[in-house]
1. For segment 368-447, which whole-number percentage of the solvent-accessible area (1.4 Å probe, protein heavy atoms only) is attributable to carbon and sulfur atoms?
2. When the Kirkwood radius is taken over all Cα pairs of segment 51-109, what Stokes-Einstein diffusion coefficient follows at 4 °C and 1.567 mPa s, in µm²/s?
3. Can you give me the orientation-averaged projected area of the convex hull built on the Cα atoms of segment 156-304, in nm²?
4. Given an 8 Å cut-off on Cα distances and at least 6 residues of separation, report the relative contact order of segment 67-117 as a percent.
5. To the nearest 500 deg cm²/dmol, what mean residue ellipticity at 222 nm is calculated for the chain from DSSP H runs of n ≥ 4 alone, each contributing -39,500 (n - 2.57), summed and divided by the residues?
6. List the longest stretch of the chain that has no exposed loop site; here a site is one of the GluC sites (Glu not before Pro) assigned by DSSP to anything other than H, G, I, E or B, with at most 15 other Cβ within 10 Å.
7. When the accessible area of segment 1-117 is computed with all protein chains present and a 1.4 Å probe, what percentage of it is carbon and sulfur?
8. Segment 131-218: Rg/Rh from Cα coordinates, Kirkwood Rh?
Amino acid sequence: MDSQIHKIHQQLVNKEFSCTNLVQEKLNLLKQNTHNTVNNLLDNLALNLAAKVDAKIANNEPIGLLEGIPFGIKDVYMVQGTFTTASSNLLKNYKAAYTATAIQKLLDAGAIPIVKENCDSFGHGSSSENTIFGAVKNAINPDLVGGGSSGGSAVNVAKDYTVFSIGGDTGGSVRQPAGYNHVYGLKPTYGRISRYGLMAYASSTDCVGPIAKSVGDILIVLNVMSGKDAKDQTSYVSEAISEESILNSTDIKSVGYFKSFIESEAIDSKIKADFLATIEKIKAKNIEVKELDFFKSNILVSTYYTLAMAETASNLSRLDGSNYGNRIDNKNLKESYAITRSENFSEETKRRIVGGNQVLSQGFSDEIYLKGLALRDAISDNFEKDFKEVDIIVSPVTPNTPPKIGNSLKDPHAMYLSDAYTVGFSLGQLPTLTIPQGTETGLQITAAKNNDELVLKFANFLKDTI
Ligand code: GLN
């Protein structure tokens, strides 16, 4: 199986280059890069860790598979003692007091964090333009957006500035930028990886997600980060997925896709044609393909944004300049809160806080918020029914190709609609992987809850099939 991690591990062990050289080379690339992927470089920390790996190799001590592998971290994860800004003015000078569980597990395995990566502020966005560090530029065409919100992470992987990166996916933020930059990005089953230390956006769909250049590397990183964590009560115990188990996909007999996605007027004609051609290639392998009924994408988008805005308004209420963030003092406490929040949050974040508080307010919550929750249950029931009929669901990642830099900021509503194909799987809390094949912006592969293994299997199968 293709795996950069295995390859680099072997090169380190064979002393083809030192870990210090490897890390320094990546740091140089990041420093020189013009795609705006970097919020902060972790050069001192990374070079210290690399020297320790080199000392072990020089002593002929064994090193673990991830030991010495340089990786990137979306700037919404706590890494103790480092700037953790969420690409926002509010937290521009904030240094994390502790380290996120998922990141700690990677550190314990010896992986080397080299960069905190640019993203949409607090995960709010689909283009990585909602950031104080400058719009992230697409890896393939720098006039286009990098996608979002984990844009910096996807571009870093695509450009080989990092071997893998850890993004966060609430409604598509790992899968969509992975698709826009032609790499792999996984949103695991909700709860498979602890969210402790990932800045909360919409807690009921927030997921930690790896971005990498192969299924094999996604699997390695997923296994290390997974597991129950006492600090996140929604996390659960899971078995590691073996590399052998994903090599054989004969148990995948049927695949479904949503008619409503493909028949939508919003889909780009080339993406549609490529998707349908992919379906034919799957059929040619004697896999049964079924068309499935599903909610229209505008219902998915409005349900998702209703709930996500409600949750983010609640989660971000703690950011008032008292315990965290740049405080702006004013004539009394209430005014200080108001000015701190209105000056330091971006337009997009404020839109979501106002929207979310409206959704939750007396007189509106029954009609809007509770309706959103009921729709979410109906969406989950629909998925449950579908997975009695098919093993896997495939879908395009996005209805359109990446927009030009600047366009999404002008039309937030169009930006929300561009999430049409990713948000449903988030509401269902299902494992979903973007692969860089099938359409110009990739293909999503989804299975029933806790079936992350099946998703990786099918991705491995499609690698040679389409
Ligand atoms: N684009 C979606 C949003 O803005 C998803 C973002 C995310 O997954 N963090 O909500």
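The values are calculated or read from the model by the stated rules, or taken from the named source; none is laboratory data. Being a predicted model, the structure only gives us computed values, none of them experimental. As a convention, Cβ positions derive from the backbone with ideal geometry for all residues, glycine included, and neighbour counts pool all protein chains shown. Side chains are part of the model used for accessible areas, which takes the heavy atoms of the whole protein and leaves out ligands, DNA and RNA. Shrake-Rupley method; radii C 1.70, N 1.55, O 1.52, S 1.80 Å.
1. On the way: 1580 of 2890 Å².
Answer for segment 368-447 is 55 percent, counting heavy atoms of protein chains only.
2. Details: Rh = 13.2 Å.
The estimated diffusion coefficient comes to 99 µm²/s.
3. Numbers: hull surface 42.6 nm².
Averaging across all directions leaves 10.7 nm² for the Cα convex hull.
4. Numbers: 85 pairs, mean separation 25.2, N = 51.
Taking the mean separation of contacting Cα pairs over the length of segment 67-117, I get 49 percent.
5. Details: 17 runs with 186 residues, N = 466.
Rounded to the nearest 500, it is -12000 deg cm²/dmol.
6. Values: sites that count: Glu16, Glu239, Glu265, Glu367.
Here the longest run is 17-238.
7. Ligands and nucleic acids excluded, carbon and sulfur reach 48 percent.
8. 0.96
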